[in-house]
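All remarks here apply to the structure that follows.
The values are calculated or read from the model by the stated rules, or taken from the named source; none is laboratory data. Here the structure is a predicted model, which means the values were calculated and not measured. Counting neighbours? That spans all protein chains shown, and the Cβs are built from the backbone with ideal geometry, glycine included.
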Amino acid sequence: MRRSSKFETIIIIVILLVVGCVVTMFSVNVMSSSKMKALKLDIDSFSAAASTYLSTIDNESNMVFLEELIDEGRISNIRSPFSANYCDLEESKFEIINGEKLVTLKCDEYLVDRANTNNSSYRVYKIGTWHEDESYNNDEKSTLYNCVDYSSGAELFKEYVSEEYLLYKVNKQYEKDYKNIDDIEYEMCNVQSKVFYRLKSDIEDKS
């Protein structure tokens, strides 16, 4: 009788453990799905605000950074679906290339890279930080830029950034209207470039 009781207890414990694992896995999947849906809504609202903004300005620009839309009051700062942080202003941008509307949105360590807003699916990447050491197992390589002041020899910005973002930041900070970085170097500072690397792993194609 005791043996039977002990066996039944073991069976019950095993069943409870299995049920617990199933519930946990279901909760994680639901949470993940919820976050991805929130990310898709952010992409759509970013695209809509950017499209409207570009259609109202005089120049023929086909790209706008999230930071500019926020500065112009066209959109609120986007909260990351994965944390309490805000999404990155440096890499998050909207582009129109060959008539296609593309959104790049970086939130924490996750990146949606040039998602076509006409499609229902997009790829989500997990990324690392940029570094100059190419000896690591890197997935992405990029040339980034900074500006060195002619007088002081100091870099104007804390981090090296993309060519387009450097141009935007210089124009914003110094109230200029440069069209390319060659104009910046001619008048303001010595443009420096370095090659950086980072990890970039494909998580999944979200629909």
Which one of Ile78, Ile43 is in contact (Cβ under 8 Å) with a residue 12 or more places away in the chain and either more than 14 Å from Tyr122 (Cβ to Cβ) or in the same structural domain as Glu175 (by TED's automatic domain parsing) (or both)? Ile78
Residue under question is Thr104, and the condition is that it be within 15 Å of the chain's Cα centre (by Cα), within 22 Å of Val195 (Cβ to Cβ) and at pLDDT 95 or above; does it hold? yes
Of everything in the range 84-137, what is part of a loop (DSSP other than H, G, I, E, B) and surrounded by 13 or more Cβ atoms within 10 Å (Cβ to Cβ)? Give them in sequence order. Cys87, Asp88, Leu89, Glu90, Glu91, Ser92, Asp108, Glu109, Thr117, Gly128, Trp130
Taking Glu67 and the conditions (1) buried (at least 18 other Cβ atoms within 10 Å of the Cβ); (2) assigned to a loop (DSSP other than H, G, I, E, B); (3) acidic (Asp, Glu), which numbered condition does it fall short on, given that it satisfies the others? (2)
Among all residue pairs at least 6 apart or on different chains, which show Cβ distances below 9 Å where the first residue, located in the range 156-176, is under 16 Å from Lys194 (Cβ atoms) and of a type in the set (D, E, K, R) and the second is modelled with pLDDT under 90 and surrounded by fewer than 14 Cβ atoms within 10 Å (Cβ to Cβ)? Glu163/Asn180
Please work out if Asp88 is closer than 18 Å to Ile203 by Cβ, of a type outside the set (Lys, Arg), touching a residue at least 24 places away in the same chain (Cβ under 8 Å) and not assigned by TED's automatic domain parsing to the domain that holds Ser193. no
Say whether the condition of being β-branched (Val, Ile, Thr) and within 14 Å of Glu90 (Cα to Cα) is met by at least one residue in the range 132-147. no
